[in-house]
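The values are calculated or read from the model by the stated rules, or taken from the named source; none is laboratory data. Not measured: the values here are computed from a predicted model. Neighbour counts are summed over all protein chains in view; Cβ atoms, including those assigned to glycine, are modelled from backbone coordinates with ideal geometry. Heads up: the accessible areas ignore ligands, DNA and RNA and are worked out on the full protein's heavy atoms, side chains in. Shrake-Rupley method; radii C 1.70, N 1.55, O 1.52, S 1.80 Å.
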Amino acid sequence: LGSLVLAFFAYKQRPWALSMAFAAALGFFGVYAIDLAQIFPRSPTPMSFALALIEVLGMTAAVPLMFAARNARADANHHTTRSKKSALRYATAATLAVVGIVIVWFATDAAMSGGELSVQNQGYTN
């Protein structure tokens, strides 16, 4: 939810929001990388292929978002006028932010439903 608010202020070219967008993209990349490296505590159920793929796609989406946020911040610092090229960068950053939100939502949903199914299949009850 915070990403939605952040995306709005980043679209308005608020310098603090552009810095936070970079930090958020870096954070998404880091969390996905740590999870794929199996550093976090693991559940007894192995990660599904779909979830691993979504995490890789999340990492892939985070990289251009970091560059877009950094470039947008540099543009805001230099008080440049909007050109078609910078408008395209902002549109790309917004699109990647939306894709990132969808990826996180889907990954969370897949992880939550996958965990419940595996617990039921093992005979555990609540």
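Tally Lys and Arg at +1 and Asp and Glu at -1 over the other residues with C-beta under 14 Å from the C-beta of ALA17: what net charge comes out? Don't skip to the answer; put the middle values down first.
Details: positive: LYS12, ARG14, ARG70, ARG73; negative: ASP75.
Cβ neighbours under 14 Å give a net charge of +3.
If R0 is 22 Å, what FRET efficiency do you get for ALA52 and VAL5 from their C-beta distance, rounded to 0.05? Kindly include the intermediate steps, with their values, before the conclusion.
Values: r = 29 Å, r/R0 = 1.33.
Approximately 0.15, to the nearest 0.05.
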For LEU88 and PHE40, extending 7 Å from Cα along the Cα-Cβ vector and measuring point to point gives, in nm, a value of 3.6
Round to the nearest 10 and report in Å² the accessible area of VAL102, as given by a 1.4 Å probe over the protein chains' heavy atoms.
-> 80
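With every protein chain kept in place and ligands, DNA and RNA left out, what is the accessible area per residue of the stretch 1-55? Probe 1.4 Å, answer in Å². Kindly include the intermediate steps, with their values, before the conclusion.
Working: 3750 Å² over 55 residues.
Roughly 68 Å² per residue, with all protein chains present.
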³J(HN,Hα) computed for each position of the stretch 14-20 - Karplus, 6.51 cos²θ - 1.76 cosθ + 1.60, integer Hz, glycine/proline x = 6, x, 5, 5, 5, 5, 5
